[in-house]
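Below is one structure, written out as structure tokens; comments come after it.
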Amino acid sequence: MQYSLLLIPVISAFIGWFTNWIAIKMLFHPREPKRFLGLTIQGIFPKRQQQFAEKLGKLVSNELLSFQDIAAKITNQDNMEKLMPHVEAHIDNFLRKKLADEMPIISMFIGENTIQQLKGVFMQELRLLFPDLMQQYMGHLQQDLDLEKIVIQKVAGFSSDKLEQILNSIMSKEFRFVEIIGAVLGFVIGLLQIFITYLQ
């Protein structure tokens, strides 16, 4: 057996690892278009960053976090009820302290029973007012808050370094796995080449 043949699997493993490593690097590099042998080469993500931003913007606004979902959460009756103790405390403070400071004469005629009655009337009215008020507010907010546009601008505005850093933090294990698979497959192909050589 020629010992030089043992180099074949090792070289094949290196080639398999190296080609996959190059393929992963070409996802992000070169950052800017480069001319090489008449071809223009640029990393996939830098080249497609705008399209990636637009697709992600549509995905977020239509599927993951639509404005309707946000509005439904904010105007949900249970969530509105959670605000009521804070509102009631504010009204109580107003009737007991601020009213006395601003209109001391009137406050002299307002006792505990009157405060409780006023507070009850105010709270009942606010429970009727809040849902309509929030619906109107959400209608105005929807015109000003375009989630799709915000996501597109944010992602399109990422630097290439930032985008690479984000994707590497998410997929570093997968990238490493691809590199290892390339080396393993290369090694197996090298062993097959030795086997075929001996069969001849």
Of the residues in segment 74-99, those that are of a type outside the set (S, T, N, Q) and surrounded by 15 or more Cβ atoms within 10 Å (Cβ to Cβ) come to Met80, Val87, Glu88, Ile91, Asp92, Phe94, Leu95, Leu99
When only residues in segment 1-40 that are polar (S, T, N, Q) and within 34 Å of the chain's Cα centre (by Cα) count, which is nearest to Phe177 (Cα to Cα)?
-> Asn20
Could you tell me which of the residues Gly157, Gly182 is farther than 17 Å from Glu54 by Cα and among the small types (Gly, Ala, Ser)?
-> Gly182
Selection within segment 126-155 - under 21 Å from the mean Cα position of the chain (by Cα) and farther than 19 Å from Leu59 by Cα = Leu141, Asp144
Give the residues of segment 31-51 that are assigned to a helix (DSSP H, G or I), touching a residue at least 60 places away in the same chain (Cβ under 8 Å) and closer than 12 Å to Ser160 by Cβ, sorted by residue number.
-> Phe45, Pro46, Gln49
Would you please name the residue that is surrounded by the fewest Cβ atoms within 10 Å (Cβ to Cβ), looking only at residues in segment 21-42 that are within 18 Å of Ser159 (Cβ to Cβ) and in contact with a Phe, Trp or Tyr (Cβ under 7 Å, 6 or more places away or on another chain)?
-> Leu27
Where Leu37 falls short, out of the listed (1) at pLDDT 80 or above; (2) at negative phi = (2)
If you check Ile115 against the conditions, is it surrounded by 11 or more Cβ atoms within 10 Å (Cβ to Cβ), in a helix (DSSP H, G or I), out of contact with any helix residue (DSSP H, G or I) (no Cβ under 6 Å at 6 or more places or on another chain) and in contact (Cβ under 8 Å) with a residue 12 or more places away in the chain?
-> no
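The values are calculated or read from the model by the stated rules, or taken from the named source; none is laboratory data. What you are looking at is a predicted structure, and each value in this text was computed from that prediction instead of being measured. Please note: Cβ atoms are built from the backbone with ideal geometry, for glycine as well, and neighbour counts cover all protein chains shown.
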